[in-house]
Amino acid sequence: MRGDNIYYLEISISFKKGKSYIKRNTWAVSKQTTAQDIMKKDPTTMFMLNAFAYGNKYKSAKQLVITKIISRKIIGKSVV
């Protein structure tokens with residue numbers, strides 16, 4: 001069985017909360033390797049990052065951008 005690689009990524013994100021922009025470093029697990037691919041093709045990872053940045057109770061507009069991937073490590077292969 002041949003599948004895609006699954007990566008552990010250390011990423012830098014930027015999000016707007018109130019009137020200020022906040023930058024944080026965090027982690028994510030994804031099959032995508034670039035920041036643009038994660039934002040377009042991986043809704044599960046983006047949901048996790050939104051929950052990390054804003055929490056469950058935040059009701060205003062949410063703007064989250066992955067600014068850069070700091071490191072990438074292969075942790076496995078997908079079944080499909």
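For (1) surrounded by 13 or more Cβ atoms within 10 Å (Cβ to Cβ); (2) acidic (Asp, Glu); (3) over 14 Å from Ile69 (Cβ atoms); (4) touching a Cys at 6+ places or on another chain (Cβ under 8 Å), each residue gets a yes or a no:
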| position | (1), (2), (3), (4) |
| --- | --- |
| Gly3 | no, no, yes, no |
| Ile6 | yes, no, yes, no |
| Leu9 | yes, no, no, no |
| Ile13 | yes, no, no, no |
| Gly18 | no, no, yes, no |
| Tyr21 | no, no, yes, no |
| Asp37 | yes, yes, no, no |
| Pro43 | no, no, yes, no |
| Met48 | yes, no, yes, no |
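Any idea which residue in region 50-80 is surrounded by the fewest Cβ atoms within 10 Å (Cβ to Cβ), counting only those that are touching a residue at least 24 places away in the same chain (Cβ under 8 Å) and basic (Lys, Arg)?
Top of the filtered list is Lys73.
Consider Lys16 carefully, then state whether it is in contact with an Asp or Glu (Cβ under 8 Å, 6 or more places away or on another chain) and charged (D, E, K, R). Lay out the reasoning, then the answer.
Numbers: in contact with an Asp or Glu (Cβ under 8 Å, 6 or more places away or on another chain): no; charged (D, E, K, R): yes.
Here the answer is no, as Lys16 does not meet what is asked.
Hey, could you check region 50-69 for residues that are part of a helix (DSSP H, G or I) and of a type outside the set (S, T, N, Q) and say which is farthest from Asp37 (Cα to Cα)?
Out of the qualifying residues, it is Tyr54.
Mind checking whether some residue in region 53-62 is modelled with pLDDT under 95 and under 11 Å from the mean Cα position of the chain (by Cα)?
Yes, some residue in region 53-62 is modelled with pLDDT under 95 and under 11 Å from the mean Cα position of the chain (by Cα).
Of these, Gln36, Gln32, which one is farther than 20 Å from Val80 by Cβ and among the polar types (S, T, N, Q)?
Among Gln36, Gln32, only Gln36 is farther than 20 Å from Val80 by Cβ and among the polar types (S, T, N, Q).
Kindly provide the set of residues from region 15-48 that are part of a helix (DSSP H, G or I) and of a type in the set (Gly, Ala, Ser), ordered by number.
Ala35
The values are calculated or read from the model by the stated rules, or taken from the named source; none is laboratory data. Keep in mind that what you see is a predicted model, and the values were worked out from it rather than measured. Ideal geometry is used to build each Cβ from the backbone, glycine not excepted, and the neighbour counts take in all protein chains shown.
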